[in-house]
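Student: One structure follows; several queries about it will come next.
The values are calculated or read from the model by the stated rules, or taken from the named source; none is laboratory data. Here the structure is a predicted model, which is why all the values come from computation and not from measurement. So basically every Cβ, Gly included, is an ideal-geometry build from the backbone, and we count neighbours across all protein chains shown.
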Amino acid sequence: MSEKELGKKWDRCLADGAIKVGTGLGLGIVLSVLFFKRHTWPISFCSAAGLGMAYGNCQSDLRSSYLLHRNEKEQ
Amino acid sequence: MLRACLRGANATARKNCRRSPLTNLQQCRHYTAGESSGAAKVVAAGLVTVGGGVGGAILYAKWDHKFRAAVENNVPYSDWLLGLALGPASQGGVKKQVRIDSQDECKECHDHQEPPVTAMVHPDAEAPLRERPVEEVAARLAQQDLEEQDTVASSLEDFLASSAKATLQAIGAQETALQAIARHTHSLKEAMEAEVPPEEKSAQWKDLEAALADRTSAVNDAGTALLNANEALDSLKSEIDKSKGLKVSAVRPLVLAAEENLHNMVVDLDKVVTKVQSAESESKIVSQYSELVNEAKLQFQREVSSLTPEIQANWKGLTGKLSADDLNALIAHAHRRIDQLNRELAEQRVREQIHIDASLEQQKLEDQKALEKAVLTAVQHIKEDTRLEHERKLSELRDVMEAEMRTQLRRQAAAHTDHVQDVLKVQEQELRADAEQVLGSKMLEQETSYRQLSQEQLDNFTLDMNTAYARLKGMEEAIDSHVVAEEEARKAHQLWLSVEALNYSLKTVEADSPTVPLEGAAQAVRDSCHDNDFALALATALPEESLQRGVYSEASLRARFNSLRSLARRVALVDETHNSLYQYFLSYLQAALLFEAKQEAPPSQLSGEDLDPFKLLSYASFCLEHGDLELAAKLVNQLRGEARRVVEDWLTEARLTLETRQVVSLLSAYANAVGLGTTQAP
């Protein structure tokens, strides 16, 4: 149902955000630990990068319904 | 009462003194007898009186026939009683046939005519006293004559019979007397003249005495019988005279016959009497002679006995007892006697003539007397004969005359009947002609009327048949149209039923789950409206989705909308151009901070500012709450952007439901209309 779509989108968003943030975090942590001498800036950077990616994904997912996709065009 | 008294007495006896119940009963009987003796006396007196009266009446009725007739007329059942007591009334005659059955005895008698046989005549029953017609009177007179004749005849017959019997008896007695006299005479003659030995002589004398006795008795009997016969004949004569005096014509032959019989009987009786008398006279002579002889014998015996006293009377029997003297004396006496007799003979010869003359005279006298008597009787007889002959001839003549008159009358009657027959024939012919004419005309009338009637009947019948046929045709058409209409109605009904089913299937919705797929019902509807384009179009206009999946109910849509509303509120600011996350955030913020009326009545015309999603949602909510899904859908349709995208499904569902409902309602209306239409008169 169409009303559930948004909910599903948000679920994906959140899931994706959580993953990306977590991955970022992890990567950050890893990088910070590994490469950046346990600075917090790679963690925040990576997590923010992750968050930003998640945001971007979420946004594009939310916008996707307004965009004409190729297969729709072909249809 | 008696029993009560007895019981009371018994009880008292038993109680008081223990006497034997027998004496008690006796006492009681005494007591009760004494009490009721007065009543018994009265009852007895009454009974005696009644009995005496009845007996006296019966006796008087026996004596007086008129009284008897009067009693029988006036007192019911008296005729039965009197008949029982006295025998039937004397008018009733009895069948009698008198036959003089001793004809062989009287061969010399005339032929006795048999009196005619009288038939039984029933006496006339007591006829009611009324004016009788002439025929009845005549018949009654004739009957009376017949009755009289019968009485006369019967009486005559009776007398005839009795007199005949008496006469026969007399004749028989006379004959026997005659025979006895003859026998006696003969035996006397024999006794006197025959020379037989003395023992037989005594026997003969005894026979003679017996014969004499017989003769005397026979003569006496004959005398009495003669008297009886004379009596009977006299009574018969008187009866004949009496019947002659009755003047009944039919009796005359009977009277005649009776008279003839009487005459014959008298004649026979006279003959026999004369015979007897002659025999008697003969016997008298013989007896005289025998007396003389006896006298002479006696004389002789006296003389002999005077001579020889010791000789016994029966001198003929003496043979060896007489001595010579006796014999001589006897002979001398005999001689003397002979002389005496010779002398007497001479004297007698002399006196002979005188004696003969005297006796002749005497005889003549006697003869004359006898002759006279005979002549008288013969004259009487002849007179009687002639009179009878005359009467007979008269009756014969009368019969002949009557016969001739009867023939003449018959001839006249025959002529009359012929004439009457002719007249009747002519009349008959005339009448027949008339009748035939009348019959012919009537028949013609009847025929014409009958033909008319039958024609009328036929016409009526044809008319009736035609009307019936027309009505039948009408009825058939009506029935056919009815059948058609019925078919239509049935179809409509079926359509309606299927539509109702569809309608019902719409209702089979549970919360949040759609109805059953309407395919079956829709198929039923489609089936039930093959030939109805409209209905068919409608039926096919049902949305596919509803057919396959069913539709949601308004309630579920409402509920869904309620949940949708918050979502739509949240994404109210997001549309094609504004669809970043920031917008999302803003719209969420807006939704959190904006408060609108839950429900708001939508205006009739939407203006620009009414297109605000919040307002729209409140309008739609209001509409939904008030059951107007269509308006709600319309309002929801005005949403744009993400809100629109969010409510898209809901809208589709609402559209489906609305569509389906519209189609179903249309079909239902149509089915109702069709049903109504068909049930009305065409």
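Student: Here are the criteria: (1) more than 14 Å from every other protein chain (Cβ to nearest Cβ); (2) of a type outside the set (K, R); (3) surrounded by 14 or more Cβ atoms within 10 Å (Cβ to Cβ). Tell me which single one B:S607 does not satisfy.
Tutor: Among (1) more than 14 Å from every other protein chain (Cβ to nearest Cβ); (2) of a type outside the set (K, R); (3) surrounded by 14 or more Cβ atoms within 10 Å (Cβ to Cβ), the lone unmet condition for B:S607 is (3).
Student: Select from the stretch B:622-674 the residues that are of a type in the set (G, A, S) and closer than 21 Å to B:Q590 by Cβ and list them in ascending order.
Tutor: If the condition is that a residue be of a type in the set (G, A, S) and closer than 21 Å to B:Q590 by Cβ, then B:G641, B:A643 are the ones that fit.
Student: Name the pairs: first residue in the stretch B:407-432 and free of Cβ contacts under 8 Å to residues at least 40 places away in the same chain, second residue assigned to a helix (DSSP H, G or I), Cβ to Cβ under 6 Å, at least 6 apart or on different chains?
Tutor: Pairs that qualify, where the first residue is free of Cβ contacts under 8 Å to residues at least 40 places away in the same chain and the partner is assigned to a helix (DSSP H, G or I): there are none.
Student: Now for a separate question. From the list B:L631, B:L616, which residue is crowded, with 16+ Cβ neighbours inside 10 Å and in contact with a Pro (Cβ under 7 Å, 6 or more places away or on another chain)?
Tutor: The match here is B:L631.
Student: Restrict the check to the stretch B:494-513 and report whether at least one residue is within 14 Å of chain A (Cβ to nearest Cβ) and closer than 26 Å to B:A633 by Cα. Full working, then the answer.
Tutor: Filtering the stretch B:494-513 for residues within 14 Å of chain A (Cβ to nearest Cβ) gives B:512-513.
Okay, now just the ones that are also closer than 26 Å to B:A633 by Cα, so B:512-513.
Within the stretch B:494-513 (the criterion being within 14 Å of chain A (Cβ to nearest Cβ) and closer than 26 Å to B:A633 by Cα), the answer is yes, since at least one residue qualifies.
Student: Exactly one condition in (1) within 14 Å of chain B (Cβ to nearest Cβ); (2) under 20 Å from the mean Cα position of the chain (by Cα); (3) of a type in the set (A, V, I, L, M, F, W, C) is false for A:M1; which is it?
Tutor: (2)
Student: Still on this structure: For the stretch B:642-678, enumerate the residues that are facing chain A (nearest Cβ under 9 Å) and not hydrophobic (A, V, I, L, M, F, W, C).
Tutor: B:E642, B:R645, B:E648, B:D649, B:T652, B:E653
Student: For the stretch B:449-568, list the helices (runs of 4 or more DSSP H) that sit wholly inside it and hold at least 1 residues that are within 30 Å of B:R655 (Cβ to Cβ) and in contact with an Asp or Glu (Cβ under 7 Å, 6 or more places away or on another chain); which are they?
Tutor: Where helices (runs of 4 or more DSSP H) fall fully within the stretch B:449-568 and carry at least 1 residues being within 30 Å of B:R655 (Cβ to Cβ) and in contact with an Asp or Glu (Cβ under 7 Å, 6 or more places away or on another chain), they are B:544-548.
Student: Regarding the stretch B:573-591, can at least one residue be identified that is more than 14 Å from chain A (Cβ to nearest Cβ) and not aliphatic (A, V, I, L, M)?
Tutor: Yes, the stretch B:573-591 contains a residue that is more than 14 Å from chain A (Cβ to nearest Cβ) and not aliphatic (A, V, I, L, M).
Student: Here's a check for you: in the stretch B:533-572, which residue that is surrounded by 15 or more Cβ atoms within 10 Å (Cβ to Cβ) and among the charged types (D, E, K, R) is farthest from the other protein chains (Cβ to nearest Cβ)?
Tutor: Only one residue fits best here, namely B:E554.
Student: Continuing with the same structure: What is the number of the single condition among (1) over 30 Å from B:N562 (Cβ atoms); (2) crowded, with 18+ Cβ neighbours inside 10 Å that A:G56 does not meet?
Tutor: Here A:G56 clears every test but (2).
Student: Kindly provide the set of residues from the stretch B:35-90 that are surrounded by 11 or more Cβ atoms within 10 Å (Cβ to Cβ) and either among the basic types (K, R) or in contact with a strand residue (DSSP E or B) (Cβ under 7 Å, 6 or more places away or on another chain) (or both), ordered by number.
Tutor: Passing the criteria: B:K62, B:R68.
Student: So A:L68 passes all but one of these: (1) within 19 Å of the chain's Cα centre (by Cα); (2) within 14 Å of chain B (Cβ to nearest Cβ). Which condition number does it fail?
Tutor: Of everything listed in (1) within 19 Å of the chain's Cα centre (by Cα); (2) within 14 Å of chain B (Cβ to nearest Cβ), A:L68 misses just condition (1).
Student: Here's a follow-up. Every residue in the stretch B:569-604 that is closer than 16 Å to B:F622 by Cα and in contact with a Leu (Cβ under 9 Å, 6 or more places away or on another chain), please.
Tutor: The first filter runs over the stretch B:569-604 and keeps only residues closer than 16 Å to B:F622 by Cα, leaving B:569, B:595-604.
Listed by number, the residues that qualify are B:R569, B:E596, B:Q599, B:P602.
Student: For the stretch A:5-51, enumerate the residues that are within 14 Å of another protein chain (Cβ to nearest Cβ) and either within 10 Å of the chain's Cα centre (by Cα) or surrounded by 13 or more Cβ atoms within 10 Å (Cβ to Cβ) (or both).
Tutor: A:E5, A:L6, A:K9, A:W10, A:R12, A:C13, A:L14, A:D16, A:G17, A:L51
Student: Oh, and also: Out of (1) farther than 30 Å from B:F159 by Cβ; (2) modelled with pLDDT under 70; (3) β-branched (V, I, T), the odd one out for B:T49 is which?
Tutor: (2)
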